[in-house]
Amino acid sequence: MNDYLPKKELEPDPDPKRPSNARIMIWVVVGAVGLYLLGSGIWGIITAGR
């Protein structure tokens with residue numbers, strides 16, 4: 001291995017277009033809440049609110 005190179009030079013450059021992990025987690029949570037609301041709305045329509 002190239003031990004004489006700095007660690008920063010051995011790692012590939014991060015993709016600047018990739019969203020951050022925090023932003024991905026926010027979208028996962030928002031998507032889950034939206035899916036729950038959509039599912040409960042469809043269930044309410046099917047059961048006619050009983």
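The values are calculated or read from the model by the stated rules, or taken from the named source; none is laboratory data. Computed from a prediction, not measured in an experiment: that's the story for all the values here. As a convention, Cβ positions derive from the backbone with ideal geometry for all residues, glycine included, and neighbour counts pool all protein chains shown. Surface accessibility is based on the protein's heavy atoms, side chains included, excluding ligands, DNA and RNA. Shrake-Rupley method; radii C 1.70, N 1.55, O 1.52, S 1.80 Å.
Below are the figures for this structure:
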read-out: Signed unit charges on C-beta, dipole axis of the chain, positive-most listed residue L5, I42, I24; value: I42
read-out: Within the chain, helix-based [θ] at 222 nm, where runs of 4 or more DSSP H residues each add -39,500 (n - 2.57), nearest 500; value: -19500 deg cm²/dmol
read-out: Percent accessible area from carbon and sulfur atoms, the chain, protein chains only, probe 1.4 Å; value: 66 percent
read-out: The chain - convex hull of alpha carbons, volume per residue in Å³; value: 111 Å³
read-out: Whole-number accessible area per residue in Å² for the chain, which is evaluated in the context of all protein chains at 1.4 Å; value: 103 Å²
read-out: Label point distance in nm, E11-V29, each placed 7 Å from Cα along Cα→Cβ; value: 2.6 nm
read-out: Relative packing of 9-22, 26-39, which averages over residues the other C-beta atoms within 10 Å, highest first; value: 26-39, 9-22
read-out: Projected label distance in nm at S20 and S40, using a 7 Å step from Cα toward the beta-carbon; value: 3.0 nm
